[in-house]
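First up is the structure itself, then whatever we jot down about it.
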Amino acid sequence: MGFNIQPYGMQSMLKEGHKHLSGLDEAVLKNIDACKQLSTITRTSLGPNGMNKMVINHLDKLFVTNDAATIVNELEVQHPAAKVLVLAGKAQQEEIGDGANLTISFAGELLQNAEELIRMGLHPSEIISGYTKAINKTVEILDELVEKGSESMDVRSKEQVVSRMKAAVASKQFGQEDILCSLVADACIQVCPKNPANFNVDNVRVAKLLGGGLHNSTVVRGMVLKSDAVGTIKRMEKAKVAVFASGVDTSATETKGTVLIHSAEQLESYSKTEEAKVEELIKAVADSGAKVIVSGGAVGEMALHFCERYKLMVLKISSKFELRRFCRTTGAVAILKLSQPNPDDLGYVDSVSVEEIGGVRVTIVKNEEGGNSVSTVVLRGSTDSILDDLERAVDDGVNTYKAMCRDSRTVPGAAATEIELARKVKEFSFKETGLDQYAIAKFAESFEMIPRTLAENAGLNAMEIISSLYAEHASGNTKVGIDLEEGVCKDVSTLSVWDLHVTKFFALKYAADAVCTVLRVDQIIMAKPAGGPTRRDQPAGMDED
């Protein structure tokens, strides 16, 4: 080309193909806009009347859910600023397991208010300092709102557990929270260790079986394996269990050898010795008192034949994580190769039985008396997506249980806490001098998003509700929240809607941190993306572990 224009300024410094956005309009407001888009997606799913989202990811898997953590995980968010919000939501999901939606929606609301302040002419750093003061004040007020007497709880009392878990489960499965909570509470209390702080979420498993309805769901003390027993023996009561990590089969030798056989008799005796060897191994297992063999790999034909002869039940668990959990349930030790097990290595089960649930054969391993270290919630539902959603609700319940084992303080739910925070922080902003008082006032207004969203999702008039909530709180009834079913403001303690203090604490904290991070950015410099194949995430169907 004829005109060879020399690049100047920023272009001359950086490699070609890069993008450079700077200044308020290009960087800050663009970032805020992207985050607002993300929070409008999650906001309509907030609360018990939240709408479901249908997300289809790059592998064509369909998700129908109102669980914000799942939604933002499956949306492949490209914008770097919106990614900060996604990370805040993920951090909340991993720390508490509930309240990811609150984090993202609240952060979006804070940013929207920040945008108004920027348009008024405030500098982002003033907004940040105001927001930081406001969040510190919020944490102080949150501690004052804690319900008296809730700091000590008996984690084994079902009633107390359900009252704290109800709000978390209801936000996912409204109308079914009573059934679900009692299932989850039972399952958690069964596996709660001596010191509740060591509660392990992995010990409550979920088995999803199609068919039936939620009312057919049960809790099993022990494990539910989605496979049939290998042999013909389908039931065993009060049996000892031997677990072999590798398969139950004749082992081939490591070295290669050649055998010369001259006559038919030699051939016969050759195969007989193999049979005798397998029989000897299986007999050794049977003599040790084990009645059930669990194999981590394939079960050979010949080995199976002898197992049948010695009346041994054979189970096959191919996933090594499942095998580990099975060992935890029964207290067995996995033995590497097929040999006579030590009496100490054997586990014990009360009953192993193959049952047919909804056309699927499942093996139910019960262990009532022994180390009750695993319990399983068997969920029934009519479609896969309903089951997935139920599983998420159970997950939230179990995570809430873990959080309440560490810190059982509760605050009033149903937006009562948020209105009170809005009121107190607003008062605090009047005492501040300097420009950040505007930012603190906006922070207080952002709390209104929660009652407004709850009301809008339930189809109520949001303005009326918020004003009547403010009126109630101003007259000193700090526990008044929204009763979504009747659409009026009521005292939350009569409805028994409580939220955990830790959930609120972390959600608001993560949201404020994420917002300050986004506001601190004033330039975006993106290099030209490298060529080559793009890295996909892990293939579908991988186990979470």
Share, in percent, of DSSP beta bridges within the chain that are antiparallel, nearest 5: 65
query: Picking from F199, A416, G47, whose Cα lies most toward the positive end of the charge dipole for the chain (charges on Cβ: Lys, Arg +1; Asp, Glu -1)?
result: F199
message: Between 0 and 90 degrees, rounded to the nearest ten: what's the tilt of helix 462-474 against the longest Cα principal axis of the chain?
response: 80
- line: Residues whose modelled amide H sits under 5 Å from the amide H of D249, counting only those 5 or more places away in sequence or on another chain, are G300
- line: Scalar couplings 3J(HN,Hα) for region 44-49 by Karplus 6.51 cos²θ - 1.76 cosθ + 1.60 (θ = phi - 60°), nearest whole Hz, x for Gly and Pro, are 5, 9, 7, x, x, 9
- line: Checked against the positive end of the charge dipole of region 117-238 (+1 on Cβ of Lys and Arg, -1 on Cβ of Asp and Glu, about the Cα centre), the farthest of V146, G213, A229 is A229
field: Calculated from backbone phi, Karplus (6.51, -1.76, 1.60) coupling profile of region 155-164 in Hz, x at Gly/Pro
entry: 5, 9, 8, 4, 4, 5, 5, 5, 4, 7
statement: Treating only Lys and Arg (+1) and Asp and Glu (-1) as charged, each at its beta carbon, one finds that region 1-142 has a dipole about its Cα centre, in Debye to the nearest 20, of 160
statement: With Rg from the Cα atoms and Rh as the Kirkwood inverse mean 1/r over Cα pairs, region 100-241 has an Rg/Rh of 1.16
- prompt: So, by mean Cβ neighbours within 10 angstrom, what's the order for 277-283, 520-526 with the highest one leading?
  reply: 277-283, 520-526
- line: Ordering Y131, Y470, Y438 by the accessible surface of their heavy atoms, 1.4 Å probe, largest first, yields Y438, Y470, Y131
task: Give the total of Lys-Lys pairs in region 235-308 with Cα-Cα distances below 27 Å; include a pair only if its members are 8 or more places apart or on different chains.
output: 11
field: Accessible-area order (highest first, 1.4 angstrom probe) of the listed residues E177, E472
entry: E472, E177
query: Going down the table (K194/K402; K158/K366; K36/K148; K61/K226), which pairs top 25 Å between alpha carbons?
result: K36/K148
- request: Place a +1 charge on the Cβ of each Lys and Arg in the chain and a -1 charge on the Cβ of each Asp and Glu, then give the dipole magnitude about the Cα centre in debye, rounded to the nearest 20.
  value: 720
- request: With +1 on each Lys and Arg Cβ and -1 on each Asp and Glu Cβ, and nothing else charged, work out how big the dipole of region 289-398 is about its Cα centre, in Debye to the nearest 20.
  value: 520
field: Per-residue HN-Hα couplings for region 380-397 [Karplus 6.51, -1.76, 1.60; θ = phi - 60°; Hz; x = Gly/Pro]
entry: 10, x, 7, 10, 4, 5, 5, 4, 4, 5, 4, 4, 5, 5, 5, 4, 4, x
- prompt: Taking amide hydrogens as modeled 1.01 Å from N in the peptide plane, which residues meet the under 5 Å criterion relative to G381, leaving out close sequence neighbours?
  reply: L209, G211
message: Output the 0 to 90 degree angle, nearest 10, between the alpha-carbon long axis of helix 177-191 and the longest principal axis computed from the alpha carbons of the chain.
response: 50
query: Could you sort L145, L267, L210 by accessible area so the largest value comes first, with the probe set to 1.4 Å?
result: L267, L210, L145
- prompt: How big is the accessible area of K479 in square angstrom, nearest 10, if you roll a 1.4 angstrom probe over the protein chains?
  reply: 60
statement: Note on the chain: contact order normalised by length, alpha-carbon pairs under 8 Å, 6 or more apart, percent, works out to 26
- request: Give the accessible area for M10 in Å² (nearest 10); use a 1.4 Å probe, count only protein heavy atoms, and leave out ligands, DNA and RNA.
  value: 60
Amide H within-cut-off set for I335, under 5 Å, with H built and near neighbours excluded: V243, F244, A245
- request: Determine the relative contact order of region 68-143: mean sequence separation of Cα pairs under 8 Å and six or more apart, normalised by residue count, in whole percent.
  value: 20
- request: Give the residue from T258, L387, G347 lying farthest towards the positive end of the charge dipole for the chain; charges sit on Cβ (+1 for Lys and Arg, -1 for Asp and Glu) and the dipole is referred to the Cα centre.
  value: T258
query: For the peptides 41-47, 231-237, 416-422, 98-104, what is the packing order when you average, over each peptide's residues, the other Cβ atoms within 10 Å and list the highest mean first?
result: 98-104, 416-422, 41-47, 231-237
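The values are calculated or read from the model by the stated rules, or taken from the named source; none is laboratory data. As the structure is a prediction and not an experimental result, all values here were calculated from the model. Neighbour counts are summed over all protein chains in view; Cβ atoms, including those assigned to glycine, are modelled from backbone coordinates with ideal geometry. Note: accessible area is taken over every heavy atom of the protein model, side chains too, but ligands, DNA and RNA are not part of it. Shrake-Rupley method; radii C 1.70, N 1.55, O 1.52, S 1.80 Å.
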